[in-house]
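Working notes, beginning with the structure itself.
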Amino acid sequence: LCSSLHYLLWGQCSAPPSTRYGHSAVMLGTEMIVFGGRSGSQGKETNDVWSMDLKEPKNIKWVQLCGDDEKCGAAPAPRAFHSAAMMGNKMLVFGGGTWFANDLWMLDLQDRMKPRWHKLSTSGYSPSHRSDHNAVVLQHSTMILLAGQTLLGYTNDVWAIQLKQQKSS
């Protein structure tokens, strides 16, 4: 139960996703959305998406939104140590993984019953392949990437990309 959240005490909340680390967690309204990470003692990278609505602390439970079944369309490869940020009702995911990816994905969460993954195509120069970096979205349309680990070591570079807010169909 999570009833102890009212009293600022730690409490276990329903059956969680598998043990994991290197995942991302973002907020969409009152929901925490968790993506990917390494799972279990073997550290297998995942690409599942879980949600926990924090609006009612006494009824908090995990819900799996996307898994290995392509319920959400073609998903990004399993990964950990990526970045994620929210742009409206869309979760943006960049990079990560043991291969230091530099791809950009969007999970459209407009319809929670049918979330959809989309791989975004970008143009111009792009950040080097990386993991262990951070991202934020400014003014609902600009994603900023900061630092991370690349194939050449650690970096402190900053990248920005202007994204258009697209309506879901």
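The values are calculated or read from the model by the stated rules, or taken from the named source; none is laboratory data. Keep in mind that this is a model prediction, so the values were computed, not measured. Glycine also receives a Cβ, built like all others from the backbone with ideal geometry; neighbour counts cover every protein chain displayed. We work out accessible area using only protein heavy atoms, side chains counted, and drop any ligands, DNA or RNA first. Shrake-Rupley method; radii C 1.70, N 1.55, O 1.52, S 1.80 Å.
Okay, here's what the table says:
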quantity: Selected residue (criterion: modelled with the lowest pLDDT) from residues of the range 121-169 that are surrounded by fewer than 17 Cβ atoms within 10 Å (Cβ to Cβ) and among the charged types (D, E, K, R); calculated: K167
quantity: All strands (runs of 3 or more DSSP E) inside the range 10-98 with 1 or more residues being among the aliphatic types (A, V, I, L, M) and within 19 Å of H133 (Cβ to Cβ); calculated: 24-28, 31-39, 83-87, 90-96
quantity: Every residue from the range 54-73 that is open to solvent by less than 60 Å² (accessible area, probe 1.4 Å) and either at negative phi or of a type in the set (A, V, I, L, M) (or both); calculated: P57, I60, W62, L65, C66, G67, C72
quantity: Residue within the range 128-141 that is among the acidic types (D, E) and in a strand (DSSP E or B) present; calculated: no
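Residue-wise test of (1) crowded, with 20+ Cβ neighbours inside 10 Å; (2) touching a Gly at 6+ places or on another chain (Cβ under 7 Å).
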| site | (1), (2) |
| --- | --- |
| S24 | yes, yes |
| F35 | yes, no |
| S39 | yes, no |
| M52 | no, no |
| A75 | yes, no |
| P78 | no, yes |
| M86 | no, no |
| K90 | yes, no |
| F94 | yes, no |
